[in-house]
Amino acid sequence: MPRLILFELKKMLSRRVALAANAGVVVFLVAIMALNVTQNRTVNFAGEEFNGLAAIAYNRSEAEKHAGAVTAGRAAEDIAAYQEMVFSRIDRDAVGEMTGAAVFSLIEQSFSPEEFDEIYNSYWNWLLRPWRISGEEPAQTAARVTPEMAADWYGAAAGLTQQALDDGQGGMWEYSEAERAYWTEMRSSVPEPIEYGYSGGWDNVVDCASFLVFPILAACVTLAPAFSFEYSSGADAVVLATRRGRSTLVAAKVVAGLAYATVYFALCAALIVGVSLVFYGADGFGLSIQSMALTSPYPLTVGQAALACVGLMYAACLGFACLTLAVSSRTRSTLAVFLTDVVLVLLTGLVPSAGVGALERVLALFPINFSNFSMLFSALESYPLGPVVLDLIGMVLLVYAALALVSTPVAVVSFRRRQVA
């Protein structure tokens, strides 16, 4: 058996198309991750521009200014300090009557570049998120926050989940009582206090997780001819006539295919994770996911969220690998197998949901869509299955596990029962 597995691996990887796809994707990821670091650019509100490693260092320093546990008391004190800082020079009542652009211009004129940059530190926008209205400047939000409101910062933050449930994704989805209870309970399980700080490396892993669709496609290219080539070349007549052609050899093809997909995906994932952690830093693993998006109801850390993204992409990789083997076992056209994979893996990201909640939930299950942080951790995508409610993470695992469990026997049985002339 081991020798057969090695033989099948050698046969899969010796094809020029497979070699080109595998090497090409690795080179592509190396280039993308290099550009991800070198092309990083930040311009602060004082007008200074930072590029590459300097931009990463600047973003780290800005986040670390306000790092630490955000208790209810600290949230109220920080909001009061921000209000004192901003409204010491501009009129608190006046900003409510002004446009966002006018407020921005007024602050720019009233404060030094260094003060202006601090006023627009992303921490303040994050801290004031429970009361922010779309298009509002942080100063305008702060002008409406009373000490009583600030004292109930955690209650206001939890209220963001209820607002999202009431909004129903812009009227696109009506949450059932079971779904509302599910998300409300999840939000209540978020550990307090929320830990805020710098987690650039793990943030970057999440941002770059969508690039893992390319290793998935490369795996599909490599596995597409696994059975169909035997048919098109006429080798099936010889293979199926051998003593192990309908038993051990079929199992060797499947095991070799899944082993290859696992190793290749791990290599590509390690490239993305490694570059992110080396250049952006590995610190911040234990920070609350709410430090990335206060609206997220998940009781996870930033590092756990990053690993979850990679893990779900791996589940999709195995699912599509098994599907590829199944389709390959049913047709002699390798091109048809690959086109099926391209449509499902890549082109599903181009299909609009058109405001239809049920369609969005179907599209969300494809890797190009669920690799998006907002879709996965903030959009409250849920699937009511009778009395049971699954979130997007659970549904993705269920779908791709089912795909693998169904497709693998189909591939095995189809090849075994192949009738040759």
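Worth a mention:
- Neighbours of Cys309 by Cβ distance under 12 Å: Lys/Arg scored +1, Asp/Glu scored -1, total -2.
- Amide H to amide H, with H built 1.01 Å from N, Glu381 comes under 5 Å of Leu392, counting only residues 5 or more places away or on other chains.
- Label-to-label distance for Glu77 and Arg16 is 7.0 nm, based on points extended 7 Å past Cα in the beta-carbon direction.
- The chain: C-alpha gyration tensor shape, a/c 1.5 cut-off, then a/b vs b/c: prolate
- Taking Cβ atoms as reference points and 10 Å as the exclusive limit, the residues near Trp173 contribute a net charge of -4, counting Lys and Arg as +1 and Asp and Glu as -1.
- Other residues within the sphere of radius under 11 Å centred on the Cβ of Glu118, judged by their own Cβ, net out at -3 (K and R +1, D and E -1).
- Sparse packing (at most 12 other Cβ atoms within 10 Å of the Cβ) combined with a DSSP loop state is found for the following GluC sites (Glu not before Pro) in the range 101-191: Glu174.
- The aspartates and glutamates within cross-link reach of Lys253, meaning a Cα-to-Cα straight distance under 15 Å and a gap of 8 or more places when in the same chain, are Glu8, Glu230, Asp236.
- Taken one residue at a time, the phi angles of the range 266-274 give Karplus couplings (6.51, -1.76, 1.60, θ = phi - 60°) of 4, 4, 5, 5, 4, 5, 5, 5, x Hz. Gly and Pro are set to x.
- Under the shape rule built on the C-alpha gyration tensor, where the axes satisfy a ≥ b ≥ c, the range 278-421 is prolate, since a/c reaches at least 1.5 and a/b is greater than b/c.
- Estimated 222 nm signal from helices in the chain, with DSSP H stretches of n ≥ 4 weighted -39500 (n - 2.57), rounded to 500: -20500 deg cm²/dmol
- Three-way shape label, the range 45-127, alpha-carbon gyration tensor, a/c 1.5: oblate
- For the set Arg129, Arg144, the ranking by accessible area, highest first and with no ligand, DNA or RNA atoms included, is Arg144, Arg129 under a 1.4 Å probe.
- Dipole in debye (nearest 20) - the chain, about Cα centre, beta carbon charges: Lys, Arg +1; Asp, Glu -1: 3820
- A probe of 1.4 angstrom, applied to the heavy atoms of all protein chains, finds Thr222 with accessible area near 0 square angstrom.
- Across the range 108-113, coupling constants 3J(HN,Hα) worked out from phi with the 6.51/-1.76/1.60 Karplus curve, θ = phi - 60°, read 4, 7, 8, 10, 5, x Hz, and Gly and Pro carry x.
The values are calculated or read from the model by the stated rules, or taken from the named source; none is laboratory data. Being a predicted model, the structure only gives us computed values, none of them experimental. Here the Cβ is made from the backbone with ideal geometry for all residues, glycine too, and neighbour counts use every protein chain on show. What goes into the accessible areas is simple: the full protein's heavy atoms, side chains included, and nothing from ligands, DNA or RNA. Shrake-Rupley method; radii C 1.70, N 1.55, O 1.52, S 1.80 Å.
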